[in-house]
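Some notes on the structure that comes next.
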Amino acid sequence: AVGAHAWIGLWTVTTDYLTTRQMGPAATGIRLLVQIVIALLTLVYLLWGLVTIWGGV
């Protein structure tokens, strides 16, 4: 639930503030890069939580 909440909130922030109007023509690429980084960090956070709860390496 925390990961989904973080993704929705940060997706909203990136689509609201990383726009062509605010950043110029490079905004789409920057927004995509930022969203990929956020998605990867959210995935790492989720996997780390699963390993912490159920044990592992």
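Counting only C-alpha contacts under 8 Å and six or more residues apart, can you give the relative contact order of the chain as a whole percent? Please report the intermediate quantities before stating the final value.
Details: 25 pairs, mean separation 21.0, N = 57.
Reported as a whole number, the value is 37 percent.
Helix 2-17 against the longest principal axis of the chain: what's the angle in degrees, Cα atoms only, rounded to the nearest 10?
It works out to around 10 degrees.
Relative to the longest principal axis of the C-alpha atoms of the chain, give the angle of the C-alpha long axis of helix 27-54, reported between 0 and 90° and rounded to the nearest 10°.
10 degrees
Would you mind computing Rg(Cα) / (2.2 N^0.38 Å) for the chain, counting N as its residues?
1.42
Where a number appears in this text, it was derived from the coordinates with a stated rule and is not lab data. Note that the coordinates shown come from a computational prediction; the quantities given were computed from them, not determined experimentally.
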